[in-house]
Amino acid sequence: MPKAGIIYNDVKPIASRVAIELKDKLTAAGWNVSITSSIGGILGYSTPESPVCHTPIDGLTPPGFDSEMEFAVVLGGDGTVLAASRQVAPCGIPLLTVNTGHMGFLTEAYLNQLPQAMEQVMAGKYEIEERAMLTVKVLRGESVLWEALCLNEMVLHREPLTSMCHFEIAVGRHAPVDIAADGVIVSTPTGSTAYSLSAGGPVVTPGVPVLQLVPICPHSLASRALVFTDTEPVSIYPVNIPRLVMVVDGNGGCYVFPEDRVYLERSQYSVRFIRLQPPEFFRILREKLGWGLPHIAKPTSVELP
């Protein structure tokens, strides 16, 4: 009996209803279906009194989800996709992402397209697009205090985010640099269209094997976004700050103290997205962000050359 999974945002009634309906349809078609909420992929928030609040990366996989599963359907918005990615990336399960949220930049289909999408997926008529992920760790000496998988970005900033702080940052074996800014972002190509884009970073197409370091409101005209190979790890040391806050994928994170170090490297895991048509990143940029559209409206009565 073939295996399939469903991961849904249980905060949204429509996602919960569709998840149950889809489970019944797949079961009736002879599939062994496991269903879970995306809340299992939500990262916990630490507090100054309890700075260690995390589940090891391999511990987020829901019961019934394993490498034998042919695919999993994700019902929700971008936040649900990010959470689901952390849940199944260690198993390599392909994800069909269905938008029940707002922008849905990471989703493949809309809810009204779900019947046709399921027919196509169950027939095996799709492509797999792999997206790189980051492993983010907070270390104190050699001890791992906190770790998580990251698909979009890691953000390190002061609490509250209204004052400047200093970071000493080392990329690979290159000499460390000192950056004065409100915060720093380390982003994957997937995350280049998220917080990094708002902070002035470049858009990077998903297949390029790079990471980018983006200062948030830097106190220097020379501090700009840096793009570098993803084979080089990044270490970030807080300088002369009582404590910093780290947030991964805009979801959760932990406090980082002066004696700690944030360590990032490309993960051994990647998220595998089901694409119902050949991936076309520029099309998504046009549809979701309006990239490349004419900046001056053209009268429809004028025939253009």
Checked the range 21-47 for anything charged (D, E, K, R) and crowded, with 19+ Cβ neighbours inside 10 Å; matches are LYS23
Of (1) modelled with pLDDT of 95 or more; (2) under 20 Å from the mean Cα position of the chain (by Cα), MET118 satisfies every one except (2)
Among (1) over 25 Å from THR231 (Cβ atoms); (2) small (Gly, Ala, Ser); (3) within 19 Å of the chain's Cα centre (by Cα), SER187 falls short only on (1)
Self-check item: Test: SER85 is of a type outside the set (A, V, I, L, M, F, W, C), touching an Asp or Glu at 6+ places or on another chain (Cβ under 7 Å) and modelled with pLDDT of 95 or more
Solution: no
Of the candidates LEU149, LEU145, the one satisfying the condition of being open to solvent by 20 Å² or more (accessible area, probe 1.4 Å) and either modelled with pLDDT under 95 or within 14 Å of ASP249 (Cβ to Cβ) (or both) is LEU145
Restricted to the range 1-20 and to residues being in a helix (DSSP H, G or I) and open to solvent by 40 Å² or more (accessible area, probe 1.4 Å), the residue nearest to GLU68 (Cα to Cα) is ILE20
Take the conditions open to solvent by 20 Å² or more (accessible area, probe 1.4 Å) and closer than 17 Å to PRO258 by Cα and apply them to PRO160. Does it pass?
yes
Within the range 260-284, the residues that are under 30 Å from GLY141 (Cβ atoms) and over 16 Å from the mean Cα position of the chain (by Cα) are ASP260, ARG261, VAL262, TYR263
Subset of the range 118-131, residues open to solvent by less than 50 Å² (accessible area, probe 1.4 Å) and farther than 29 Å from GLU147 by Cβ, comes to MET118, VAL121, GLY124
From the option list PRO90, PRO115, single residue qualifying as over 17 Å from ARG272 (Cα atoms) and open to solvent by 10 Å² or more (accessible area, probe 1.4 Å) is PRO115
For this session: For the range 240-251, indicate whether the set of residues that are farther than 12 Å from ILE179 by Cβ, free of Cβ contacts under 8 Å to residues at least 40 places away in the same chain, surrounded by 16 or more Cβ atoms within 10 Å (Cβ to Cβ) and of a type in the set (Val, Ile, Thr) is non-empty.
Result: no
Cβ pairs under 8 Å, 6+ apart or interchain, first in the range 198-210 and in the same structural domain as ARG224 (by the TED database), second among the acidic types (Asp, Glu), ordered by first then second residue, are PRO206/GLU129; PRO209/ASP230; VAL210/ASP230
Every listed condition ((1) of a type in the set (Asp, Glu); (2) part of a strand (DSSP E or B); (3) in contact with a Pro (Cβ under 8 Å, 6 or more places away or on another chain)) holds for ASP58 save (2)
Going through the range 254-274 in order, the residues found to be out of contact with any Phe, Trp or Tyr (no Cβ under 6 Å at 6 or more places or on another chain) and either hydroxyl-bearing (Ser, Thr, Tyr) or over 14 Å from LEU151 (Cα atoms) (or both) are TYR255, VAL256, PHE257, PRO258, GLU259, ASP260, VAL262, TYR263, SER267, TYR269, SER270
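Can you tell me which of THR205, THR107 is under 23 Å from the mean Cα position of the chain (by Cα), under 22 Å from LEU60 (Cβ atoms), open to solvent by 10 Å² or more (accessible area, probe 1.4 Å) and among the hydroxyl-bearing types (Ser, Thr, Tyr)?
That would be THR107, the only listed residue that is under 23 Å from the mean Cα position of the chain (by Cα), under 22 Å from LEU60 (Cβ atoms), open to solvent by 10 Å² or more (accessible area, probe 1.4 Å) and among the hydroxyl-bearing types (Ser, Thr, Tyr).
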| query | Quick check: is even one residue across the range 212-220 surrounded by fewer than 18 Cβ atoms within 10 Å (Cβ to Cβ) and under 30 Å from PRO279 (Cα atoms)? | reply | no
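The values are calculated or read from the model by the stated rules, or taken from the named source; none is laboratory data. Treat the numbers as computed from the prediction; the structure is a model and nothing was measured. Please note: Cβ atoms are built from the backbone with ideal geometry, for glycine as well, and neighbour counts cover all protein chains shown. Protein only, heavy atoms only, side chains kept; ligands, DNA and RNA dropped before computing areas. Shrake-Rupley method; radii C 1.70, N 1.55, O 1.52, S 1.80 Å.
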